[in-house]
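All remarks here apply to the structure that follows.
Every number here is computed from the coordinates shown, using simple stated rules; none is lab data. Small disclaimer: the values here were computed from a predicted structure and weren't measured. Here the Cβ positions follow ideal geometry from the backbone for every residue, glycine too, while neighbour counts run over all protein chains shown.
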Amino acid sequence: MQDIPHIPVLYREVLEAFDDVESGIIVDCTMGYGGHSSLLLENKPNIKLIGIDQDQTAIDFSTVRLEPFKERVEIKKGRFSKVIKEILQENDISQIKGILADIGVSSLQLDQKERGFSYVSENLDMRMDKDAPLSAGDVINSYSVVDLERVLRDYGEMRNYKQVSAFISANRPFHSAKELSDKLQHLLPHGKKIHPATLLMQAIRIEVNDELGELNTLLDEIQNIGLIDTDVAIISFHSLEDRIVKQRFTLWAQNCICPPEAYRCTCSKDNAIGKAKFKKPLTAQNDELKQNPRSRSAKLRVFKIKR
């Protein structure tokens, strides 16, 4: 029997997001260790699920975990921004009833020190796909000061990004996330809620895996393919991701897309492709917060495409 290594975040809320999906296909863009996928397959016996992941370790685990549902499961390896396009082209659009994406790093990836995602890791990796060319070590040890500043400013929203970037440049090479975190302690914010290196690690991880680019491309593909009746559910863990999702969902719900400075409307005023399913993002309930503290920053936004 497998040891289940990862509790899916917002498990009740994910079921609520797809409460009106009884048949057809749900695409889990971030299958990971099969938590959300198995939950959906168990609770919706008439759906087919297509899972995507770029981490071979996760794929191997989920292949075994989802074996009881094998007739209703298809697993594809790759970045979801690319694979989703193939899926949407290969399948009847009218059968795609749900799309789920849990953006960010999984608990197991964080807990496996050899993956380099944690500030106590003995290496500098952070690649979700172990075959990807760019690692955290490449970013830290070879990026110019200007590029380091961009990463820490845009993806970590660090106020002293210039100072931190200069220190990294002057003291490299760094050989592990732990070494990096320890030597930067005097420049990192010390609060009660999160570890001082959290924003630094977040920034590097986003750069290594192009997480925001992946999210934007996914939303582009969903917007352009012409889905008819589909629930799109996106789980985010920090403001950068949530802002992208919120703004895109707002755009999708607008009838008029003329620029604000336009003297009069020149569009057809029928550009809305649906509306948000809930007024506010869904968040973890108290019992989940106690069981899984990492769920405290998770937000689930759901958009109903209906055209």
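So how do D92, D102 line up by other beta-carbon neighbours within 10 Å, fewest first? Don't jump to the answer; show the numbers that get you there.
Numbers: D92 9, D102 23.
Fewest-to-most ranking of D92, D102: D92, D102.
Before anything else, pin down the relative contact order of the chain: Cα pairs under 8 Å, at least 6 apart, normalised by residue count, whole percent.
Working: 508 pairs, mean separation 56.5, N = 307.
Answer for the chain is 18 percent.
In deg cm²/dmol and to the nearest 500, what is the mean residue ellipticity at 222 nm of the chain if only DSSP H runs of at least 4 residues count, each as -39500 (n - 2.57), divided by the residue total?
Values: 13 runs with 123 residues, N = 307.
Taking each H run of at least 4 residues, the total per residue is -11500 deg cm²/dmol.
Hey, which aspartates and glutamates would be in cross-link range of K97, C-alpha to C-alpha under 12 Å, not counting anything within fewer than 8 residues on its own chain?
By straight Cα distance, K97 reaches D19, D20, E22, D28, D229, D231.
Over the chain, with a Gaussian network built from C-alpha contacts below 10 Å, which listed residue (I59, I204, I194) shows the highest mean-square fluctuation?
Judging by the Gaussian network model, the answer is I194.
Would you tally the net charge around Q202, using a Cβ to Cβ cut-off of less than 12 Å, leaving Q202 out, and scoring K and R as +1, D and E as -1? Walk me through the intermediate numbers first.
Details: positive: R205; negative: D154, E157, E207, E211, E241.
Surrounding charge for Q202 is -4.
So how do 129-135, 214-220 stack up, highest first, on mean other-Cβ count within 10 Å?
Values: 129-135: 12.6, 214-220: 19.7.
With the highest mean Cβ count within 10 Å placed first, the list reads 214-220, 129-135.
Can you give the Kirkwood hydrodynamic radius of the range 109-209 from its Cα pairs, in Å with one decimal? Walk me through the numbers before you get to the answer.
On the way: mean 1/r = 0.0756 Å⁻¹.
Averaging 1/r across every pair of different Cα atoms and inverting gives 13.2 Å.
With a length cut of 27 Å (Cα positions projected on each helix's long axis) and a Kyte-Doolittle mean of at least 0.0, go through the chain and give me the DSSP H helices that pass.
Details: long enough: none.
What comes out of the filter, once short or polar helices are dropped, is none.
As a test, work out the antiparallel percent of DSSP beta bridges whose residues both lie in the chain, rounded to the nearest 5. Working shown, then result.
Values: 12 of 31 bridges.
Here the share of antiparallel DSSP bridges comes out near 40 percent.
I need R248, R294, R159 ordered by Cβ neighbour count within 10 Å, fewest first. Walk me through the numbers on the way to the answer.
Working: R248 21, R294 16, R159 12.
Starting with the residue having the fewest Cβ neighbours, the order is R159, R294, R248.
Distance cut-off 24 Å, Cα to Cα: go down the list K48/K306; K82/K269; K280/K306; K77/K277; K82/K304 and report the pairs above it.
Table pairs above 24 Å Cα-Cα are K82/K269; K77/K277.
If I build a Gaussian network model for the chain, linking alpha-carbon pairs within less than 10 angstrom, which residue out of D55, D125, D19 has the largest mean-square fluctuation?
In this elastic network of the chain, the residue with the biggest mean-square fluctuation among D55, D125, D19 is D19.
Where does the charge balance sit around Q89 when Lys and Arg score +1, Asp and Glu -1, over other residues with C-beta under 12 Å from its C-beta?
Numbers: positive: K82, K85; negative: E86, E90, D92, E221.
Computed value for this residue: -2.
Could you please rank T57, T230, placing first whichever residue has the fewest other Cβ atoms within 10 Å of its Cβ? Walk me through the numbers before you get to the answer.
Working: T57 15, T230 26.
By the 10 Å Cβ count, ascending: T57, T230.
What's the center-to-center distance, using Cα atoms, between the range 285-304 and the range 13-80 in Å?
19
Quick one: check the C-alpha center-to-center distance for the range 132-174 versus the range 228-250, whole angstrom.
Each part's Cα centre sits 28 Å from the other's.
Counting only C-alpha contacts under 8 Å and six or more residues apart, can you give the relative contact order of the range 1-92 as a whole percent? Before the final figure, lay out the partial values.
Details: 116 pairs, mean separation 23.8, N = 92.
Relative contact order of the range 1-92: 26 percent.
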